[in-house]
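J.: This is the structure I want to talk about, given as structure tokens.
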Amino acid sequence: MKAAVLRETKKPLQIEDVQISKPGPREVLIRTVAAGICHSDLHIADGLYPYPLPCVLGHESAGVVEAVGSDVRYVEPGDHVITCLSAFCGHCEHCITGHMSRCTGAETQRGPKEDPRLTTEGKPMFQFINLSSYAEQMLVHEHTIVKIRKDMPLDRAALIGCGVMTGAGAVFHTAKVEPGSTVAVLGCGGIGLSAINGAAIAGAGRIIAIDMVGSKLNLAKHFGATDVINAADDDVVKVVRELTGGGVHYSFEAIGLKKTAEQAFKMVRTGGTATVIGMIPVGTMVEIHGAELLQEKKLQGSMMGSNRFRVDMPRLVDFYLSGKLKLDEMISSTLSLKDINQGFETLRKGEVARQVIKFD
Ligand SMILES: [Zn+2]
Ligand SMILES: [Zn+2]
């Protein structure tokens, strides 16, 4: 099968023939239908986060089950699924207490003595965060997929697999936004827009979108933003404080920068919570004034929207099909696998919400 392989950071991906193994007892073989291009893939390709190479990138996808292992009861060939990088073991402390997205169990991966899931010319190829979606097929543990209704378009469904779950989940689960509360979102890419949309679904009274790109701010209004601030022109902390009489109840950082993470903390009111969703580069410090902690302000991280994806993703599908979750507006373009480097280049320029690779 064809796959986009990263052999060296800061170099283009190469489309190669990669061999895929047969499903083990608890594994599922999926025909990839669509895969979104997410910033996390770009972070690996650009060397900002270390990952073993060579590897097939991609982790935001949806497809159709082709074959299942002997012990799989959850899905059968023909089922439509969304993948999620939050593979859960099902029996550790995190899983048992309902925080499966924190599971660090490695048993959903193949062990060192087993054949790798992906190989090229007999040599192992690393699977990116349990998935490797930039490929015509995926071989995954059954605990990385969720079955969805068949009337859901799979190119839209793919977005739910990472960006939408991450943004909306940070609002629903990590921060637990209350109806009527005020929300600010820094960064209006795919994840920021999903946080805005999530805040609208959660019933936030006022949702302030912040970005430096005017077109993204216009888009943010379609996703539920009630106010927009262009960070290129304004002191965003000051404006947010003025708009809300002292700061928002909840802020969300969806870029991954020191400066915006610090702004997110500064713009919450007494008792408010700042949630950092963005991937801040390894080694970067985030600084806050200790005295602000006396105001019971909180700064917290969110990983993959603190998801329980087998419950959450079908709900997000329902939200899309009932018109509450905007996915059509999020897709800025579709492309084929061979154009993936062009897609990465477009993402680096920072002006698009989401590009989706469609497989034939
Ligand atoms: Zn992602
Ligand atoms: Zn676990």
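J.: Any chance you could check the Cα centroid distance between segment 100-128 and segment 243-296 for me, in angstrom?
T.: 36 Å
J.: Moving on. Sequence neighbours fewer than 8 away in the same chain don't count; with that in mind, list the aspartates and glutamates whose C-alpha is under 14 Å from Lys221.
T.: Asp211, Glu329
J.: Taking only Cα atoms of segment 11-156, what ratio of Rg to Rh do you get with Rh as the Kirkwood inverse-distance radius?
T.: Reported Rg/Rh, Kirkwood definition of Rh: 0.95.
J.: Report the per residue volume, in Å³, of the convex hull enclosing the C-alpha atoms of segment 151-219.
T.: On the way: hull volume 6.5 nm³, N = 69.
Per-residue hull volume (Cα only) is 94 Å³.
J.: Within segment 247-261, list the residues whose amide N lies under 17 Å from a label point set 7 Å along Cα→Cβ of Thr9.
T.: Residues 257 fall inside that zone.
J.: If you build the Cα gyration tensor of the chain and take the root of 5 times each eigenvalue, what three semi-axes come out, in whole angstrom, biggest first?
T.: Numbers: eigenvalues 238, 86, 77 Å².
Equivalent ellipsoid semi-axes, largest first: 35, 21, 20 Å.
J.: Could you list the square roots of 5 times each eigenvalue of the Cα gyration tensor of segment 176-301, that is, the equivalent ellipsoid semi-axes, sorted largest first and rounded to whole Å?
T.: Details: eigenvalues 79, 56, 36 Å².
Those come to 20, 17, 13 Å.
J.: How long is the gain from Arg315 to His99 if the chain were fully straight, where each residue apart is worth 0.36 nm and the alpha carbon distance is subtracted?
T.: Stretched out fully, the Arg315 to His99 stretch lengthens by 76.0 nm.
J.: Still on this structure: Could you pull the Cα extents of segment 12-73 along its three principal axes, largest to smallest, in whole Å?
T.: The Cα atoms of segment 12-73 stretch 39, 21, 21 Å along the principal axes, largest first.
J.: Please give every one of the aspartates and glutamates within straight-line cross-link reach of Lys150, meaning a C-alpha to C-alpha distance under 12 Å, and leave out same-chain neighbours fewer than 8 residues apart.
T.: The reachable aspartates and glutamates, counting only those whose Cα sits under 12 Å from Lys150, are Asp79, Asp318.
Rule-based calculations on the coordinates, nothing more; no lab input. In this text, all values refer to a predicted model and were calculated from it rather than measured experimentally. Note that each Cβ is placed from the backbone with ideal geometry, even for glycine, and that neighbours are counted across all protein chains shown.
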